[in-house]
Amino acid sequence: MKKRDRAENYKDPDTARKAWTNFVAGSVGGAGSTSLSHPLDSVKVKMQTFPQLYNGGLHCMKEVMQKDGIRGLYRGLTPGVILSMTEASIRYMTYGICQDIVRKALSVETSEKMTLLHNALAGGLTGFLATFASCPIELVKCRMQGMLGITAAKRAALESERPIAMRGPAGVLVHVLRTDGLRGLYHGFSSNIARNTPGEMVFFATYEQCRFFIKRPGQVKDDIGPLGSFFCGSCAGIAYWVSIYPLDSVKSRVQILSSEGKVQGLWHTFWSILRAEGVKKLYHGVGYSIPRAIIGSGSHFVFYDTTRKILLRDLTS
């Protein structure tokens, strides 16, 4: 099929094929992007949870490396990769299904003709559903990343106790189950829902709209290439983090500090931060999330789109 005919003759793969293709491609994208961006994610979590300990991203990174070496920046990498593979595979599988649901419900011919609002609706539903799978692993990852900060802040109280993070992801998981039961794995569930639902609306709407704007006449959005995928993914990542960063700060605190029994959920934590620290602290480290979003989301969509094209090569040739 010639490229000038692609837009006119484009047909979506059937829903089942789109679902498993997106599942595999999302898993590859999640693993690849997390491996590249994990150190920046570690710094973000620490700055959000312990803003009083760090003056900025570089200061935080320096402190972590002095206390725990380069390994400290990669603490939680294993559950981080598992989280990203699990969340991203479900996220993109669900997004493809939700795209088809919205498209068919509103009698839109193909996904190429879906509007900004259509993709936002599909993205919001995706964010809600993916949280059920990602919340427990996100909890483990956040506690491992934040444990160095807890240990520094509470050295006297914990000097006789081996830090939980030193036990690895399995140790953190066992500790949570022993102390809080299965319910403990869902500490911060409401804050995850509050973050992910609007966040994914912004994320997918931005990504699809950017792809629409940069494709050439006669092309479909899948024709934009790796550089286009990186650019659109970076824009989507920046839009996502800027729009939901305060909620992500609350989520990080809920999931990490729940290990000390100090928080009482989303709104209690949110208002506690506002009263004690002000609005500024809800955005502590937001500037550092921009390069993280560029590297993480940009690389994610390069891996994702490339894998998806390979799996759908009979339809894209």
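The values are calculated or read from the model by the stated rules, or taken from the named source; none is laboratory data. This structure is a prediction, so every number in the text was calculated from the model and none was measured. Neighbour counts run over all protein chains shown; Cβ positions are idealised from the backbone, glycine included. For the accessible areas, the whole protein counts, side chains as well, though only heavy atoms, and no ligand, DNA or RNA atoms are used. Shrake-Rupley method; radii C 1.70, N 1.55, O 1.52, S 1.80 Å.
Scanning region 243-257 for residues that are at pLDDT below 70 and either buried (at least 22 other Cβ atoms within 10 Å of the Cβ) or within 17 Å of the chain's Cα centre (by Cα) (or both) yields 255, 256.
The residue pairs whose first member lies in region 109-128 and is in contact (Cβ under 8 Å) with a residue 12 or more places away in the chain and under 18 Å from residue 220 (Cβ atoms), whose second member is surrounded by 22 or more Cβ atoms within 10 Å (Cβ to Cβ) and among the charged types (D, E, K, R), and whose beta carbons are closer than 6 Å, counting only pairs six or more residues apart or on different chains, are 119/208.
The residues of region 196-240 that are of a type in the set (Lys, Arg) and either surrounded by fewer than 23 Cβ atoms within 10 Å (Cβ to Cβ) or touching a Pro at 6+ places or on another chain (Cβ under 9 Å) (or both), listed by number, are 215, 216, 221. Screening the candidates 152, 130, 156 for the property of being in contact with an Asp or Glu (Cβ under 9 Å, 6 or more places away or on another chain) and modelled with pLDDT under 75 yields one hit, 152. For residue 183, state whether it is over 18 Å from residue 91 (Cα atoms), at pLDDT 85 or above and open to solvent by 10 Å² or more (accessible area, probe 1.4 Å). Answer is yes for this residue.
Table: residues versus (1) out of contact with any helix residue (DSSP H, G or I) (no Cβ under 6 Å at 6 or more places or on another chain); (2) basic (Lys, Arg); (3) closer than 15 Å to residue 285 by Cβ.
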position	(1), (2), (3)
214	no, no, no
220	no, no, no
223	yes, no, no
226	no, no, no
247	no, no, yes
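The residues of region 64-77 that are open to solvent by 10 Å² or more (accessible area, probe 1.4 Å) and either within 21 Å of the chain's Cα centre (by Cα) or in contact (Cβ under 8 Å) with a residue 12 or more places away in the chain (or both), listed by number, are 67, 68, 74, 75, 77.
Of all residues in region 14-39, those that are crowded, with 21+ Cβ neighbours inside 10 Å and among the charged types (D, E, K, R) have Cβ atoms under 8 Å from Cβ atoms of residues that are modelled with pLDDT under 90 and not in a helix (DSSP H, G or I), 6 or more apart or on another chain, in 18/12.
Taken over region 78-114, the criterion of being open to solvent by 20 Å² or more (accessible area, probe 1.4 Å), of a type in the set (Gly, Ala, Ser) and part of a helix (DSSP H, G or I) is satisfied by 84, 105.
Could you grab me the full set of residues in region 275-317 that are in a loop (DSSP other than H, G, I, E, B) and open to solvent by less than 40 Å² (accessible area, probe 1.4 Å)? Those that are in a loop (DSSP other than H, G, I, E, B) and open to solvent by less than 40 Å² (accessible area, probe 1.4 Å): 278, 284, 285, 312.
The conditions of being modelled with pLDDT of 90 or more, aliphatic (A, V, I, L, M) and buried (at least 16 other Cβ atoms within 10 Å of the Cβ) are not met by residue 137.
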